[in-house]
Amino acid sequence: MRLHNQTELSEKLQNVINQLVDSKTGVITRLHEVPLQASEHELHIYTAGCSDINYLLQLQHGVRPKMEAIASGAGLSKEEALWSTVGEACERYIATYHFANESFVASEKSFSNLPIKLADYIAFSKEQYQQTSFPFLPVDSEADIHWAHGVCLNSQQQVPIPAQLVWLNQHFLTGQERFFPQISTGLAAGESIAHAALTGLREVIERDAFTSYWLLQKTPRRIRPELLVPAGSALEAMIERSGLTLDLLWLETDIQVPSILCLLQLPECRGLAVGMSTHLNAAVAAEKAIVEAFHTYNWILEMRRSGLTSLPREQLRDFEHHVRFYLQPENHQYVAFLRQGADLDAAELSRHQFKVTDHDSHLAELTKRIANAGFRSCYVDISKPEFTELSIYAVKAVIPGLQPLHVGVGTEFLDDRRLRQLCDYWQTSLPASLNLEPHPFP
């Protein structure tokens, strides 16, 4: 399968597409550009579908029907959008399978000196575990579970990471192994291990910032878009042409890396598009957050064209449902607190302009800031040779102790240790109750 006008792309990207994309035998079986409306000026969006991993592993197709597109990416150029799409397709594909030599079975108690313990990860509250229908169990140091071979960037030493935090289809030995949900946060692909680890760690920090602000119902400071969006740029043109209400918000945590949230409100509150990014350079974080929000906006338009409607909170199960919840205008009251902050001072914003571009330097600086906040930066290399031959590496990044992003209703991570840390950092008190209204994160 070849794209039209492929000569517009870099030689490296052309080679990757030619190697991976084929409707019958490719890892990626479908790769299409999404048509846009006039209000989506300057943006490029692609979707991709991968071959059936069940057939690869078991020589039989999965019982459940596959979704038409399992990956999607957006950018201000075709090159950027395609790399985003291909990268997401590859990382999801790679994370869906692993082999016996990539993990091992042991109990936490069997290690003589485990540097990161199961209890170091944020999970659930005692009250949640006491619910008879709750799907997860308290961590058990005596239970035999699968572990992955990880690396701690702080010390460059090997460290075991629970496999259920790494792969997306990790099989459990027994029901007693079910401590954490299998989520994609921290999953990343890149042109090197350093690049992939950097991208994955930034996502973990991003989700920690958003979820903590949401659960604590903390109002962030606002960023005037003109401080970060260059005048006359394609980004500015896209914002102006859309006619949408745009808010840029500064979600500061003790990690002290710029995390920027973008909210796009559709007319008459008929939808809320969210994008977010963490990056050492605030301008880069803002651009990525805005592009991601417009990517979500495209998704919302497609939902509306397809006749999808809002769902009641008790039916929310995945991120699509969270986005659909905000198709209902009356639900926008739950995000009002995010927009009520004071403006961020321009001088403070100007201090976040990390200009070094190489991935190794970025990773070293990010690891240092994470360590300064009292956390370890870890990753598991899940790369596969057929992808590394194309300079595509994949990792699952983990920062034990940060707040995970929840999805659905009833399985929020209500172990409040991380939230208490941030309240201490902000010099505020933990609220009497957490904000359990459905978040709008896509």
Requested in this report: Could you let me know the centre-to-centre spacing of the stretch 145-192 and the stretch 272-347, using Cα atoms, in angstrom?
Outcome: 28 Å
Query raised in the report: aspartates and glutamates near residue 109 by alpha-carbon distance under 16 Å, same-chain residues fewer than 8 away left out - which ones?
Result: 120, 140, 142, 144, 177
Report summary line: Computed ³J(HN,Hα) along the stretch 387-400: with the Karplus parameters 6.51/-1.76/1.60, θ = phi - 60°, integer Hz and x for glycine or proline, the list is 9, 5, 4, 9, 6, 10, 10, 9, 9, 10, 8, 9, 10, x
Requested in this report: Using the charge dipole of the chain (Lys, Arg: +1 at Cβ; Asp, Glu: -1 at Cβ; taken about the Cα centre), state which of 123, 265, 186 has its Cα farthest towards the positive end.
Outcome: 123
Query - Separation in nanometres of the label points that stand 7 Å from Cα toward Cβ, at residue 227 and residue 130 - result: 4.5 nm
Query raised in the report: What accessible area, in Å² to the nearest ten, does a 1.4 Å probe give for residue 377?
Result: 0 Å²
Query raised in the report: Quick one: what do you get for the chain if you divide its Cα Rg by 2.2 N^0.38 Å?
Result: 0.96
Query - Amide hydrogen neighbours beyond the local backbone of residue 186, cut-off 5 Å, H modeled - result: 204
Query raised in the report: How many Å² of accessible area per residue for the chain, probe 1.4 Å?
Result: 45 Å²
Query raised in the report: Taking a probe of 1.4 angstrom, what is the accessible area of residue 303 in Å², to the nearest 10?
Result: 0 Å²
Query raised in the report: Which percent of the accessible heavy-atom area of the chain goes to carbon and sulfur, probe 1.4 angstrom?
Result: 48 percent
Report task. Answer with one residue from 409, 423, 357: the one whose Cα lies farthest towards the positive end of the charge dipole of the stretch 308-442, charges on Cβ with Lys, Arg +1 and Asp, Glu -1. Result -> 423
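As a test of reading the structure, rank 29, 245 by solvent-accessible area (1.4 Å probe, protein chains only), most first.
My answer, sorted largest first, is 245, 29.
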Report summary line: Listed by chain and number, the residues whose amide H is under 5 Å from that of residue 150, excluding neighbours fewer than 5 places away on the same chain and using placed H, are 159, 161
Query raised in the report: In terms of solvent-accessible area of protein heavy atoms at a 1.4 angstrom probe, what is the ranking of 126, 109, 117, 78, highest value first?
Result: 126, 109, 117, 78
Query raised in the report: Of 368/396; 218/396; 288/355; 12/78, which pairs sit farther than 22 Å apart, going by alpha carbon to alpha carbon?
Result: 218/396
Requested in this report: Would you mind working out the magnitude of the charge dipole of the chain relative to its Cα centre, with +1 at each Lys and Arg C-beta and -1 at each Asp and Glu C-beta, to the nearest 20 Debye?
Outcome: 440 debye
Requested in this report: Would you work out the charge dipole size for the stretch 190-295 about its Cα centre, treating the Cβ of every Lys and Arg as +1 and the Cβ of every Asp and Glu as -1, and quote it to the nearest 20 debye?
Outcome: 200 debye
Requested in this report: Specify which residue in the list 152, 136, 169 is farthest towards the positive end of the charge dipole of the stretch 119-179, using unit charges on the beta carbon of Lys, Arg (+1) and Asp, Glu (-1), about the Cα centre.
Outcome: 169
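The values are calculated or read from the model by the stated rules, or taken from the named source; none is laboratory data. Source: prediction; values computed, not measured. Please note: Cβ atoms are built from the backbone with ideal geometry, for glycine as well, and neighbour counts cover all protein chains shown. Protein only, heavy atoms only, side chains kept; ligands, DNA and RNA dropped before computing areas. Shrake-Rupley method; radii C 1.70, N 1.55, O 1.52, S 1.80 Å.
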